[in-house]
Amino acid sequence: MKKTLVMSLVLVGSVFAADYSNVIQHPNASKMIKKDLLPPAKHFKMPAGCVSTNPASIARGAFLFHNLNGKKAKKNPPKGISRKQMKPGKTYLPGDKIPNKQYGNCIACHNIEGSNGPGNVGPSLVGYKAMFVDSGVRDAQYVYQQIADARALNPETLMTINLANGLFNESEVCDLTSYILAPK
């Protein structure tokens, strides 16, 4: 019994005394932080013909505004929007998993005509065009910039950085701008 107890203690002691330094991960925190940093705030110029009264553009903007992601999006996306987001420059082979497209989920922070989200963090966009654009206080370029990168006009904003970080492309920012400025 004494011999078994001594052998057990030696065995347990050797397990705890072993050098496990080669199995412990030591991630480079600076590299991880750099990867997660947002790009600097940027002013974007709205492309010519960006704001459209085309029903297809407005429908795409509405879909982006009211949905969170491709997998859980309500209904099927309109023509020109996919549930999947192919990464630029990446070649996908048959069987490769293509990530879901991240939509705007703007209704999480903003109210707009016809929305049913909480919309109490950002400013209400109900009647936005009549109140701000038609009155001349703001213009389509302002709306475009706010969607593209609101930090350029307000460094303390809580709004997502959509064009500067690649969440949306230029065409999608135009569709969102068109939807916000469209009669509801």
Based on this model, can you work out whether L11 counts as at pLDDT 90 or above and among the hydrophobic types (A, V, I, L, M, F, W, C)?
no
Residues of region 125-147 being out of contact with any helix residue (DSSP H, G or I) (no Cβ under 7 Å at 6 or more places or on another chain) and in a helix (DSSP H, G or I), which ones?
A130, M131, F132, Q141, Y142, Q146
Within region 82-115, how many residues turn out to be under 19 Å from the mean Cα position of the chain (by Cα) and surrounded by fewer than 11 Cβ atoms within 10 Å (Cβ to Cβ)?
2
When you check K42 against the structure, is it over 30 Å from P183 (Cβ atoms), modelled with pLDDT of 75 or more and touching an Asp or Glu at 6+ places or on another chain (Cβ under 6 Å), yes or no?
yes
Would you please name the residue that is nearest to F65 (Cα to Cα), looking only at residues in region 111-124 that are touching a residue at least 24 places away in the same chain (Cβ under 8 Å) and out of contact with any helix residue (DSSP H, G or I) (no Cβ under 6 Å at 6 or more places or on another chain)?
I112
If we ask which residues in region 148-183 are among the β-branched types (V, I, T) and either touching a Ser or Thr at 6+ places or on another chain (Cβ under 6 Å) or in a loop (DSSP other than H, G, I, E, B) (or both), their number turns out to be 3
I need the full set of residues from region 18-65 which are of a type in the set (D, E) and in a helix (DSSP H, G or I), in order please.
D36
Just to be sure, is I58 surrounded by 10 or more Cβ atoms within 10 Å (Cβ to Cβ), within 19 Å of the chain's Cα centre (by Cα) and β-branched (V, I, T)?
no
Has region 17-32 got at least one residue that is surrounded by 10 or more Cβ atoms within 10 Å (Cβ to Cβ) and either in contact with a Leu (Cβ under 6 Å, 6 or more places away or on another chain) or at pLDDT below 75 (or both)?
no
Within region 109-125, residues farther than 16 Å from K184 by Cβ and either touching a strand residue (DSSP E or B) at 6+ places or on another chain (Cβ under 9 Å) or of a type in the set (V, I, T) (or both) come out as V121
Among the residues of region 126-149, is any surrounded by 15 or more Cβ atoms within 10 Å (Cβ to Cβ) and of a type in the set (D, E)?
yes
Conditions: (1) closer than 19 Å to S57 by Cα; (2) in contact with a helix residue (DSSP H, G or I) (Cβ under 7 Å, 6 or more places away or on another chain); (3) crowded, with 18+ Cβ neighbours inside 10 Å. K79 meets all but one. Number of the miss?
(3)
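The values are calculated or read from the model by the stated rules, or taken from the named source; none is laboratory data. Everything numeric in this text was worked out from a predicted model, so none of it was measured. All Cβ positions, even for glycine, are placed from backbone atoms using ideal geometry, and neighbour counts span all protein chains on display.
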